[in-house]
Every structure is written in C-alpha cells, then in structure tokens.
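Note sheet for the following structure.
Values in this text are rule-based calculations from the coordinates and carry no lab data. Not measured: the values here are computed from a predicted model. Here the Cβ positions follow ideal geometry from the backbone for every residue, glycine too, while neighbour counts run over all protein chains shown.
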C-alpha cells in the first residue's frame, strides 16, 4: 500500500495542474451543493468516467466541501503518476492482501472532521452512459470499520457538448442522510443517478416525446 504524504508545495503546484487539466471543459457547474458539516468527516462517492474525475474531485473538494483532500486510487495509477501521494491520494490493490490495509486506512481517515475521503465506488473507469452504477466490495468494510458519525455526499458527473467544442460538466450533488450500509447506499445512489440523468436530458427544451 502507498500512503499519502501531503506536501504543501506540491499541493500548491496541483492548483496549476488542476486549472490546466480542467481547461478542456467549457464550464463546470456544481449543482445543489449541500451544507457541509465541519464537525464530521465527509465521505464523497462519485461516478468514475475518465481521468478527468481526479481533477474534478479536487476542485469540488476545494470549492464546495472545503476539507483535506484524501482519495483512494488504484495502485497502478499511483505508480504511473507518483506525485499523487503528495496531494492526498493513497493506493488500493484489489488483487493484493494489502487491500485490507488500504480499507482500514480509509476508515481511519473518517475519524478526522477535517478530512474528505473521496471514493469512486465502481472501482474502475466506466462509461457515463451506463444505466446503473455498481458498487465494488470494499466500501462495506470501510463503513463497518468506521465508528464515527460522518456526512455522506453523492456526486454524479454528466457531460454535454451541444454547440461547444468543449463539454460542459454538470456535477450534481446530494447529501445522503440514510443508513450507512453499502447496499442501501448503492440503491440510493442509483435513484439519484437516474434523477440526474433525467434532469440532464430535460435541459435545453428537447421535444417532449424524446424524453419517453
């Protein structure tokens, strides 16, 4: 397991990197941002459609959640981009026994109210055109290991190009107040996901019959 080793100077450099990487979007909108509780850690669950998700999550953490950036990342990605550990990322390897250490470490991060723990529950990159978001095993262990109250926030990222050369990213947000159980969360996330897709389709006033 590769643990995060935040270095302020590298985190500062990440701001320039974030701006460069996100310049490929015409606009990024955070919709329905919830009130963030400063007294508990935040668990952020977000769909994973591309490499852009990392910079988007970083921006979301800075602008909306305003917490310390802690994100679980696949170990091979950590090896390919070593500076990730210096901005708050730590590794998980689903094919190694070290996965237990990674999940236990993730749970421990939820003890600190200053932290945002970001997780892509799909466990990999998938098309944003899927009708359903699946949750890999692992989240359940984190939730069971955690003994502290936390705030759970759902994020759904959807893109549209329309008349632009660059896509607009809508990041839909929801405060999840329900049971802290991975099965219940997956069900609630998918209800929210479908609602976001329906909202996205209704934008720009398409003919009503096309929404059936």
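Distance between the modelled labels on residue 23 and residue 201, one decimal in nanometres: 3.6 nm (7 Å Cα→Cβ projection). Extension gain for residue 37-residue 63 works out to 7.9 nm (0.36 nm per residue, less the C-alpha to C-alpha distance).
Taking all Cα pairs closer than 8 Å and separated by 6 or more residues, the relative contact order of the stretch 1-88 comes to 59 percent. Helix 8-22 and the long axis of the chain differ in direction by around 20°, with both axes built from C-alpha atoms.
Summarising the overall dimensions of the stretch 8-211 from its C-alpha atoms, the Rg and Dmax are 16.8, 53 angstrom. Per-residue Cβ neighbour counts within 10 Å put 114, 168 in the sequence 114, 168, beginning with the fewest.
Pairs of Cα atoms nearer than 8 Å and 6+ residues apart set the relative contact order; for the stretch 8-211 it is 29 percent. Measuring r between the beta carbons of residue 191 and residue 137 and using R0 = 22 Å, the FRET efficiency lands at 0.55.
Among 48, 129, the ranking by other beta carbons within 10 Å of each residue's beta carbon, starting with the fewest, stands as 129, 48. Each of 42, 210, 17 has some number of other Cβ atoms within 10 Å of its Cβ, and from fewest to most they run 210, 17, 42.
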